[in-house]
Amino acid sequence: MIIRKATVDDAAEIMDLHTNSVLRLCRGDYTPEQLQGWVNASSLEKYKLRLEKHRSYVAELDEVMIGYVHWNPETSELCSSFVHPDYARQGVGTRLMDIAEKDALSMGRNEMWLMASLTAVPFYFAMGWKSVGQTTRGSM
Ligand SMILES: CC(C)(COP(=O)(O)OP(=O)(O)OC[C@H]1O[C@@H](n2cnc3c(N)ncnc32)[C@H](O)[C@@H]1OP(=O)(O)O)[C@@H](O)C(=O)NCCC(=O)NCCS
């Protein structure tokens, strides 16, 4: 597996990966309507904008994208991380999180925050993140 910086040209592949990851990995925690609303909230334009403004990394195996993470240097938000369902629980998320955290540290960010899906809560706890509360966003 290699991890590299993502570019705007990756937007369509990242969006496909996100859709696959959410629809398959999160189906135990949300209704089909909630999942569809989640993936529909994304668009190619939004991905391109994020790729221009955020610090983004992709994981690839044999030139196939299997994971993605991005964080916002303006707000120090770890905006999202997701892994291809066929490669879940194989350490890909851990590697991506490590890269994002080191990147943030190298830019002087000693603290970051995120909003986790229910599905990702055990993962973020395993990565050492602390919960400061629970919230509802949209129907989720
Ligand atoms: C959350 C996500 C990014 C984790 O990526 P991953 O590559 O599967 O995670 P890792 O293999 O690096 O897991 C590291 C540790 O986190 C914990 N963990 C990860 N997924 C878990 C799960 N489903 N249940 C319980 N613990 C979990 C475990 O402690 C794991 O270590 P172990 O496998 O040795 O037990 C991935 O499951 C995903 O893409 N989920 C769907 C999209 C999503 O909700 N993203 C977050 C949006 S905020």
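Details
- A simple spin-label model places the labels of M1 and K102 1.4 nm from each other, with each point 7 Å out along Cα-to-Cβ.
- Computed E for D9/S131 - FRET, C-beta separation, R0 35 angstrom, nearest 0.05: 0.45
- When the convex hull of its Cα atoms is projected in every direction, mean area for region 1-72 (nm²): 4.9
- Per-q log10 I(q)/I(0), the chain, q = 0.10, 0.15, 0.16 Å⁻¹ (Debye; single scatterer per alpha-carbon; no solvent): -0.31, -0.74, -0.85
- Two-decimal Rg to Rh for region 41-96 - Kirkwood Rh, Cα set: 0.99
- For the chain, share of DSSP beta bridges that run antiparallel, in % to the nearest 5: 95
- For Q90 and N110, the difference between the fully extended length at 0.36 nm per residue and the C-alpha to C-alpha distance is 4.5 nm.
- Theoretical ellipticity at 222 nm over the chain - DSSP helices of four or more residues, -39500 (n - 2.57) apiece, nearest 500: -12000 deg cm²/dmol
- Under 20 Å from K130, Cα to Cα: lysines that are on another chain or at least 8 residues apart: K102
- Backbone HN-Hα couplings from phi across region 74-91 [Karplus 6.51/-1.76/1.60, Hz, Gly and Pro as x]: 6, 10, 6, 7, 7, 6, 6, 9, 8, 10, 4, x, 6, 10, 5, 6, 10, x
- For S80, residues with placed amide H under 5 Å, excluding near neighbours: H70
Read the figures in this text as sums done on the coordinates, not as results from a lab. Remember, it's a predicted structure, so these values are computed and weren't measured experimentally. Note that each Cβ is placed from the backbone with ideal geometry, even for glycine, and that neighbours are counted across all protein chains shown.
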